[in-house]
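The values are calculated or read from the model by the stated rules, or taken from the named source; none is laboratory data. Bear in mind the structure is a predicted one, so any value in this text is a computation, not a measurement. With ideal geometry, Cβ positions are generated from the backbone for all residues, glycine too; neighbour counts draw on all protein chains shown.
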Amino acid sequence: MSSQGSPPRLFVFLWALLLCGCGPAAPAKAPTARVDVANVKPPAGVTLEQACTPTGPELCFNAVDDNCNGVIDEGCGVATGLLQFVIAWPAAAADVNLEVCAPSGECIPPHHGATLPGGFHLDRDCPSDEGCRGQNEEDVSFDGLAPPRGHYEVTLRLVDPHGESTPVRVRFGARLGDRIVGFDVDLSPGDDAKKTLSFDVP
Ligand SMILES: [Ca+2]
Ligand SMILES: [Ca+2]
């Protein structure tokens, strides 16, 4: 029997493999996860930056996604995750804290290696950590795939300027799923205005 006029058998076989996705060469898909956030509110009087403008290679310890790849300060020895909060400030001696409060109401303690149940941890405590070396940055990230749902509050506090001139300017950056947001804020001693970013994970 002649096969003239019908597609070659090899072609049909390969086409069937492609359709069913069961071929031995089918690439394994990397696990993906995403998180949606809503009601993102910066501190009162502060403008939230939501557009990323690439400025070159990633620079460390500036709380900015310089290369706009969706991750802040990657390759700098700080953890990242679907949620990541970073502060950086140039006043070397000033003690500034990054306080992240999860939907449970628990807030991460302000010291290196602190954790919160559910998958949050704090990477650096500056200027106390030896590794800060004048490059002050603190980083809290979520290392799971599904952050707890609910309301989050992220607060910046000037604990002690330690002789640095005030106000102390602090850069804040956050990765909220596939969004990068940030702002600059001035912190003064005795400033009762809460410098808090809030958002919801629906
Ligand atoms: Ca980056
Ligand atoms: Ca950076």
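Screening Pro57 against (1) farther than 20 Å from Val185 by Cβ; (2) more than 14 Å from ligand 2 (Cβ to nearest atom); (3) free of Cβ contacts under 8 Å to residues at least 12 places away in the same chain leaves a single unmet condition, (2).
Residue-level analysis places Cys76 outside the set of residues that are part of a loop (DSSP other than H, G, I, E, B), more than 15 Å from ligand 1 (Cβ to nearest atom) and of a type outside the set (A, V, I, L, M).
Against the definition (within 12 Å of ligand 2 (Cβ to nearest atom) and not β-branched (Val, Ile, Thr)), how does Ala88 come out, yes or no? Taking the combined requirement at face value, the residue satisfies it. Do the conditions hold for Gly77, that is, is it under 18 Å from Ala174 (Cα atoms) and surrounded by fewer than 17 Cβ atoms within 10 Å (Cβ to Cβ)? So Gly77 passes the test.
The single residue among Phe183, Phe172 that is of a type in the set (Phe, Trp, Tyr), surrounded by 14 or more Cβ atoms within 10 Å (Cβ to Cβ) and farther than 16 Å from Asp73 by Cβ turns out to be Phe183. Checked against the criterion of being away from ligand 2 (no atom under 14 Å from the Cβ), in contact with an Asp or Glu (Cβ under 6 Å, 6 or more places away or on another chain) and in a loop (DSSP other than H, G, I, E, B), the candidates Gly105, Gly81, Gly45 yield just one match: Gly81. When Gly56 is tested against (1) in a loop (DSSP other than H, G, I, E, B); (2) within 30 Å of Leu156 (Cα to Cα); (3) modelled with pLDDT under 95, exactly one condition is not met: (3).
Within the stretch 86-117, being of a type in the set (Asp, Glu) and surrounded by 15 or more Cβ atoms within 10 Å (Cβ to Cβ) holds for Asp95, Glu99. When the stretch 99-113 is filtered for residues that are at negative phi and without any contact (Cβ under 8 Å) to a residue 60 or more places away in the chain, the ones remaining, listed by number, are Glu99, Val100, Cys101, Ala102, Ser104, Glu106, Cys107, Ile108, Pro109, Pro110, His111, His112.
Filtering the stretch 43-70 to residues that are under 13 Å from Gly173 (Cα atoms), surrounded by 14 or more Cβ atoms within 10 Å (Cβ to Cβ) and within 15 Å of ligand 1 (Cβ to nearest atom) leaves Glu49, Cys52, Cys60, Phe61, Asn62, Ala63, Val64, Asp65, Asp66, Cys68, Gly70.
Considering (1) out of contact with any Lys or Arg (no Cβ under 7 Å at 6 or more places or on another chain); (2) modelled with pLDDT of 90 or more; (3) on the phi < 0 side of the Ramachandran plot, the lone condition that Glu137 does not fulfil carries the number (1). Looking across Gly144, Gly131, one residue alone is surrounded by fewer than 22 Cβ atoms within 10 Å (Cβ to Cβ), among the small types (Gly, Ala, Ser) and under 18 Å from the mean Cα position of the chain (by Cα). It is Gly144.
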